[in-house]
1. Carbon and sulfur: what percent of the chain's accessible surface (1.4 Å probe)?
2. Just to confirm my numbers, what's the Cα centroid distance between the stretch 19-40 and the stretch 277-292 in Å?
3. How much area per residue is accessible in the chain when the probe is 1.4 Å and only protein heavy atoms are counted (Å²)?
4. Report the label-to-label distance for T214 and E193 in nanometres (one decimal), using points 7 Å from each Cα along the Cα→Cβ vector.
5. So if R0 is 30 Å, what FRET efficiency would D161 and E260 give, r being the distance between their Cβ atoms, rounded to the nearest 0.05?
6. Rank W262, W172, W211 by mean-square fluctuation in a GNM of the chain with C-alpha springs under 10 angstrom and give only the top-ranked residue.
7. So, counting K/R as plus one and D/E as minus one, what does the shell of residues with Cβ under 12 Å around H17 add up to?
8. Send over the per residue convex hull volume for the stretch 176-297, Cα only, as a whole number of Å³.
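The values are calculated or read from the model by the stated rules, or taken from the named source; none is laboratory data. Computed from a prediction, not measured in an experiment: that's the story for all the values here. As a convention, Cβ positions derive from the backbone with ideal geometry for all residues, glycine included, and neighbour counts pool all protein chains shown. Surface accessibility is based on the protein's heavy atoms, side chains included, excluding ligands, DNA and RNA. Shrake-Rupley method; radii C 1.70, N 1.55, O 1.52, S 1.80 Å.
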Amino acid sequence: MFTRHPGGLRLLSVHAHPDDESSKGAATLARYAAEGVDVLVATCTGGERGSVLNPAMDRPEVRADIARVRREEMAAAREILGVRQQFLGFVDSGMPGEGEPLPEGCFAAQPVELAAEPLVALIREFRPQVVITYDETGGYPHPDHVMTHRVTVAAVEAAADPERHPGLGGPWQVAKLYYHLALSRAWFQALHEAMTERGLRSEMGELLAGWPDTPPALATTTRIACAEQFAVRDAAMLAHATQVQPGVAFMAHPRDIEREVWPTEDYHLARSLAPAPGAGEVETDLFAGLRAGVGAG
Ligand SMILES: [Zn+2]
């Protein structure tokens, strides 16, 4: 199914729902795609249980056909980012209320080993050197995000093991696994301060006030300069029209300020077969340590 460029660099980003690829790490994907890296987004679920978050799109015919609408939005975002994308075929778990059980058959209710199988097959076929996903917390406590983390870690491990799932293709060892550090408290703080200093109204103060300023659990090992791709990221975000309201929330802060105070997307290198950066050292390339030798075969 995939035409692989022999010896090329390949990046796989695993997400829970359509729109997650555009809100977390999208400028990074657009940058690598523009540089000729083969970039693939794997989307675990169809986002069928997501609410319509944009009042302009909250219409009965949209709600009635949300799975199709979100597939079309995803196709548009994929084109804008210049990447490939594949759904893994699971059903959105929704965001259950406190004490509410998960809906039967949903993604987060699957056994991890079983749910990892489509991703094992995809990793063995696409052969990415680098994989990106969420950390253990999911980045935010949606059951599908936590499940995406578990499934990705399980699939990366299983894909490398020739003894496991021999029917799903030949083994492939992913060289580096990264976790997103997107939408961190420090990011909100930097934007909030920059806007306030310039006499602009920031909507982020309330959020920051309720967010304890404790040191982040995961170190920033990697910063990818991608300010030039913020416009592409924003266009991809807006393509998910049911999920994003123009000018509100993430779309509200001035982009020139963001380019100035936070021109990178940041990551935590969780596993690496390449020499890891030293303590306090920050990588500027997801493929750092992997470029030599790639291209030979
Ligand atoms: Zn999501």
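1. The value for the chain is 55 percent carbon and sulfur by accessible area.
2. Between the Cα centre of the stretch 19-40 and that of the stretch 277-292, the gap is 18 Å.
3. Ligands and nucleic acids excluded, the figure is 46 Å² per residue.
4. 2.2 nm
5. 0.05
6. Result: W211 has the largest fluctuation of those listed.
7. Here the charged neighbours net out to -3.
8. Convex hull of Cα atoms, per residue: 149 Å³.
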